[in-house]
1. Within the range 57-86, track down each residue that is at pLDDT 95 or above and under 18 Å from the mean Cα position of the chain (by Cα).
2. Can you pull out the residues in the range 88-121 that are among the small types (Gly, Ala, Ser) and modelled with pLDDT of 95 or more?
3. Could you check the range 15-35 and list, in sequence order, the residues that are free of Cβ contacts under 8 Å to residues at least 60 places away in the same chain and either in a helix (DSSP H, G or I) or in contact with a Leu (Cβ under 8 Å, 6 or more places away or on another chain) (or both)?
4. Hey, could you check the range 105-135 for residues that are more than 16 Å from the chain's Cα centre (by Cα) and part of a loop (DSSP other than H, G, I, E, B) and say which is farthest from Val86 (Cα to Cα)?
5. Hey, any hits in the range 43-53 for a residue that's in a loop (DSSP other than H, G, I, E, B) and surrounded by 19 or more Cβ atoms within 10 Å (Cβ to Cβ)?
6. Specify which of the listed residues (Ile138, Ile184, Ile179, Ile144) is modelled with pLDDT of 95 or more, of a type outside the set (Gly, Ala, Ser), closer than 17 Å to Arg90 by Cα and not in a loop (DSSP other than H, G, I, E, B).
Amino acid sequence: MKSELGNRTYPIWLLINPKYPDVRYDIWRPVLDEIQDRVFRELQTRIDTTNIYIKSAVDDIGIVPNTLNWWAKEVAKEIELFRKLVREHRPKMLVTFGAFPFEFARRVNEVKPEKGPKAWSSLILRNEFDKSMENFDINQTNTIPLLRRVLTTDKYIETHNYMSPTDRETYFQHVGTKIAEKIIKNKSNLDIWIK
């Protein structure tokens, strides 16, 4: 994948870990489908997704932090470069996928305290998502953390009911609905609509 795609002036940005570029399809696509469904039902229009800005947190996959090299000097340089982009273009939504991109975005926005890789479990990221929705402000860049992967639990497999949504589907519906609500509420402040 290229290190960036789309238009920097677009109000919605996706920040991904270059080790996991498939989040654009595995996570973002089902969330976007839910958003588009909610937006269409409410506004009878759709979001033009052709210019969504997608950026790898770091250009070199070799410097992606792990527990041994968490936040090397090269990553700090990438944070500073991305901070300049955010300040220049002021996206309304900065959607992250998983622990590394979320902590990267926190450091871009100079949120303290800085945290390590084990600080961001799936449950904590889900809670951070809910906080981001509660504190959403269209006049600033809102960091919106999504999970990098959503697993189906063994409990679901044991009690499989074809009429009930899976954990994955429930997650996508939840986050897609919440994001759609913010988009609908702020529709006149977002230049994202299909013309």
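1. Passing the criteria: Phe82, Arg83, Leu85, Val86.
2. Of all residues in the range 88-121, those among the small types (Gly, Ala, Ser) come to 98-99, 105, 116, 119, 121.
Listed by number, the list holds a single entry, Ala105.
3. Looking only at the range 15-35, we keep the residues that are free of Cβ contacts under 8 Å to residues at least 60 places away in the same chain, and these are 18-19, 21-22, 24-25, 29.
Result: Arg24, Tyr25, Arg29.
4. Going through the qualifying residues, I end up with Gly116.
5. First pass over the range 43-53, keeping only residues in a loop (DSSP other than H, G, I, E, B): 44-46, 48-52.
From what is left, the residues that are surrounded by 19 or more Cβ atoms within 10 Å (Cβ to Cβ) are 52.
Yes - at least one qualifying residue is present in the range 43-53.
6. Working: Ile138 fails: not in a loop (DSSP other than H, G, I, E, B); Ile184 fails: closer than 17 Å to Arg90 by Cα; Ile179 fails: closer than 17 Å to Arg90 by Cα.
Step by step, each of Ile138, Ile184, Ile179, Ile144 is checked, and only Ile144 is modelled with pLDDT of 95 or more, of a type outside the set (Gly, Ala, Ser), closer than 17 Å to Arg90 by Cα and not in a loop (DSSP other than H, G, I, E, B).
For (1) loosely packed, with under 15 Cβ neighbours inside 10 Å; (2) among the aromatic types (Phe, Trp, Tyr); (3) part of a loop (DSSP other than H, G, I, E, B), each residue gets a yes or a no:
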position	(1), (2), (3)
Gly62	yes, no, no
Phe82	no, yes, no
Arg87	yes, no, no
Leu94	no, no, no
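Here's the yes/no breakdown for (1) in contact (Cβ under 8 Å) with a residue 40 or more places away in the chain; (2) touching a strand residue (DSSP E or B) at 6+ places or on another chain (Cβ under 9 Å); (3) under 19 Å from Pro18 (Cα atoms); (4) surrounded by fewer than 14 Cβ atoms within 10 Å (Cβ to Cβ):
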| site | (1), (2), (3), (4) |
| --- | --- |
| Arg90 | yes, no, no, yes |
| Phe102 | yes, yes, yes, no |
| Arg107 | no, no, yes, no |
| Pro113 | no, no, no, yes |
| Leu123 | no, no, no, yes |
| Met133 | yes, yes, no, no |
| Phe136 | yes, yes, no, no |
| Asn142 | yes, yes, no, no |
| Leu147 | yes, yes, yes, no |
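The values are calculated or read from the model by the stated rules, or taken from the named source; none is laboratory data. Only a predicted model underlies this, so the values are computations on that prediction, with no experimental measurement involved. We place every Cβ from the backbone using ideal geometry, glycine too, and count neighbours over all the protein chains shown.
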